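A.B. asks: Mind having a look at this structure? Questions to follow.
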Amino acid sequence: MQCPVCKTSVLKHQELESGLKSMFCPGCKGTWIASYQYWLWRDKHGKSLPEIPLAKENDADIHDNITAKLCPECGHFLIRYPVGHGCAFQLDRCGHCGGMWFDCQEWEALKRRNLHDDVHLIFSEVWQHRVRNEERHRDREKFLEQKFGQKDYARIKEIKAWLQNHPQSGELYAFLNDREN
């Protein structure tokens, strides 16, 4: 099998985790996991590990290759899926055979967060919907901070939190929305 990134390197067999057979590219250091190999490992792995919150570390060691890739097994295009949950990279998956490509250090980054045993969920509509909502929320926050300025926006958020938690929040909102006062 040829590497979907290097195009000329031949993938080599490796055991990525105990019982998880994969293919490794000696050139770009990417990893291919066939769908059936992942599910065999996942079934033996047992219960999912709880997700570890994002640490201050970043994904600087990850080289997310954004070029179009072809599946090394069946030749179909790989589809890119953003991981979300604070991970700034995307995973590639074949929509035909279900195999997965991990660019250099992506598997390790997922493993640090205990997301590696639930990779199949990343490709689900529910997960991707949450990722899009995270992105919209982050973009909205960025826009509002630019519009009002960092200091004023922080103050607005404090006031909003105070209003939401106030026992008479409905009356306070009504007062603020009343254009005659």
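A.B. asks: When the residues of the range 62-89 are filtered to those that are open to solvent by 20 Å² or more (accessible area, probe 1.4 Å), assigned to a strand (DSSP E or B) and in contact with a helix residue (DSSP H, G or I) (Cβ under 9 Å, 6 or more places away or on another chain), which remaining residue is nearest to Met23 (Cα to Cα)?
C.D. replies: Selected residue: Tyr81.
A.B. asks: Would you be able to say whether some residue in the range 40-47 is hydrophobic (A, V, I, L, M, F, W, C), more than 16 Å from the chain's Cα centre (by Cα) and over 24 Å from Arg132 (Cβ atoms)?
C.D. replies: Looking for residues that are hydrophobic (A, V, I, L, M, F, W, C), more than 16 Å from the chain's Cα centre (by Cα) and over 24 Å from Arg132 (Cβ atoms), one finds at least one in the range 40-47, hence yes.
A.B. asks: Considering only the range 105-154, how many residues are farther than 30 Å from Pro26 by Cβ and in contact (Cβ under 8 Å) with a residue 60 or more places away in the chain?
C.D. replies: 0
A.B. asks: Hey, does the range 20-31 have a residue that's of a type in the set (Ser, Thr, Tyr) and within 21 Å of Ala88 (Cα to Cα)?
C.D. replies: yes
A.B. asks: Which of the residues belonging to the range 1-47 are without any contact (Cβ under 8 Å) to a residue 40 or more places away in the chain, crowded, with 20+ Cβ neighbours inside 10 Å and of a type in the set (Gly, Ala, Ser)?
C.D. replies: Ser22
A.B. asks: Can you confirm whether Val126 is surrounded by 10 or more Cβ atoms within 10 Å (Cβ to Cβ), under 24 Å from the mean Cα position of the chain (by Cα) and of a type in the set (A, V, I, L, M, F, W, C)?
C.D. replies: Working: surrounded by 10 or more Cβ atoms within 10 Å (Cβ to Cβ): no; under 24 Å from the mean Cα position of the chain (by Cα): yes; of a type in the set (A, V, I, L, M, F, W, C): yes.
Judged against the criteria, Val126 is not a match.
A.B. asks: Follow-up question, since we're still on this one. Give the residue, chosen from Gln168, Gln146, that is closer than 30 Å to Val83 by Cα, of a type in the set (S, T, N, Q) and open to solvent by 100 Å² or more (accessible area, probe 1.4 Å).
C.D. replies: On the way: Gln168 fails: closer than 30 Å to Val83 by Cα.
The match here is Gln146.
The values are calculated or read from the model by the stated rules, or taken from the named source; none is laboratory data. On a predicted model such as this, the values are computed, not experimentally measured, just so you know. Cβ atoms come from the backbone with ideal geometry, glycine included; neighbour counts cover every protein chain shown. When the accessible area is computed, the model is the full protein with side chains, heavy atoms only, and any ligands, DNA or RNA have been set aside. Shrake-Rupley method; radii C 1.70, N 1.55, O 1.52, S 1.80 Å.
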